[in-house]
Structures are given as C-alpha cells and as structure tokens.
Amino acid sequence: MRSRTKVVIAGIAVLAGLQVIPVDRSNPPVDASRTIFASEALPAKVESVLRRSCQDCHSNQTQWPWYSYVAPTSWIVAGDVHKARRHMNLSEWAGYSEKRREEKLNGICEQVVNGDMPEGKYALIHRTARVSEDERAAICQWVERARQ
C-alpha cells in the first residue's frame, strides 16, 4: 500500500474514532412561564428576533443541527451553546434578579448593535439569524422602554 493511501485510511480511522466521544446536546426542561417570552412585554418584532437569532444558543430549546452530531464540530457547537446558556438563558429569565435582567437587557442591545450577536460563525451558517438595522433599533427601543 502506498504511503498516501495509508495516511488517508489512518485519517478516516481517527475521524471515525472521534465520533464515539460523548457530547452533551441535552435541552433541560423548560417552564414556559419562566421564559423571557412570558416574563417581558415583547413587541412582535423583538420576539421574532429573539426566537430566530438568539434562542438556539441562549435557551434550553436548542434545535441541534445535523453538524452538531459530527466530531469535531459537535464539540464546538455544544461548547458554544453551553457557554451561551451560562451567560444568558432566555428560558430561565424569571430566575434573574431585577438588576441582572437589566444588565442582560443592556447587553442584548449593546451586543446586537455592535454586531457581536448573533455570533459571526452562527450567522454565516444560519443566514436567517442575521439582524437588520431596523431590528437592531427595535431591540434597543424595547430595552430602553423596559428599563423605565
């Protein structure tokens, strides 16, 4: 067997072996009454953006795409989702103190306006998650009203 063929076979074997490493793609139970959608008065446009652009990473209602089942991509996706949930979880919004909710609201506006969220690699693959200028303005107007 030629050395190039051996390298290809070894590479395939390593990738196949990586698939057996477990990845936590669980979605904890959701009490709908504790979500941001039940806890806040959301304008329709803002709710649409949160559901379309934020919910997959920042909630316990992640829709795990096919590539989240293929290592090593699965490790990146699961790691990003778990980190995002720790930072802000729309499914557990009612559990935040008033001060923490205000901080999170300010962060939502800031991150969306700066183009930091949704994250670039997510928006690249999920084009419908991109947030328009009009939607950014609506989010920040909602945040401003919510703080009053």
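Could you figure out which of (1) at pLDDT 95 or above; (2) touching a helix residue (DSSP H, G or I) at 6+ places or on another chain (Cβ under 7 Å); (3) farther than 15 Å from Tyr122 by Cβ; (4) assigned to a helix (DSSP H, G or I) isn't true of Ser48?
Of (1) at pLDDT 95 or above; (2) touching a helix residue (DSSP H, G or I) at 6+ places or on another chain (Cβ under 7 Å); (3) farther than 15 Å from Tyr122 by Cβ; (4) assigned to a helix (DSSP H, G or I), only one is false for Ser48: (2).
Within segment 55-73, how many residues are crowded, with 18+ Cβ neighbours inside 10 Å, of a type outside the set (Gly, Ala, Ser) and either more than 17 Å from Thr128 (Cβ to Cβ) or touching a Pro at 6+ places or on another chain (Cβ under 9 Å) (or both)?
Looking only at that region, the number is 3.
Could you tell me which residue of segment 1-29 is modelled with the lowest pLDDT, considering only residues that are open to solvent by 60 Å² or more (accessible area, probe 1.4 Å) and within 30 Å of Tyr96 (Cβ to Cβ)?
Within segment 1-29, the match that is modelled with the lowest pLDDT is Asp24.
Taking helices (runs of 4 or more DSSP H) that fall entirely within segment 89-148, which contain at least 2 residues that are of a type in the set (A, V, I, L, M, F, W, C) and more than 13 Å from the chain's Cα centre (by Cα)?
98-113, 133-146
For segment 82-118, what are the residues that are loosely packed, with under 15 Cβ neighbours inside 10 Å, closer than 20 Å to Val30 by Cα and of a type in the set (S, T, N, Q)?
Answer for segment 82-118, where residues must be loosely packed, with under 15 Cβ neighbours inside 10 Å, closer than 20 Å to Val30 by Cα and of a type in the set (S, T, N, Q): just Ser97.
The values are calculated or read from the model by the stated rules, or taken from the named source; none is laboratory data. The structure displayed is predicted, hence computed values, not measured ones. Glycine also receives a Cβ, built like all others from the backbone with ideal geometry; neighbour counts cover every protein chain displayed. These accessible areas exclude ligands, DNA and RNA; they are computed on the full protein's heavy atoms, side chains included. Shrake-Rupley method; radii C 1.70, N 1.55, O 1.52, S 1.80 Å.
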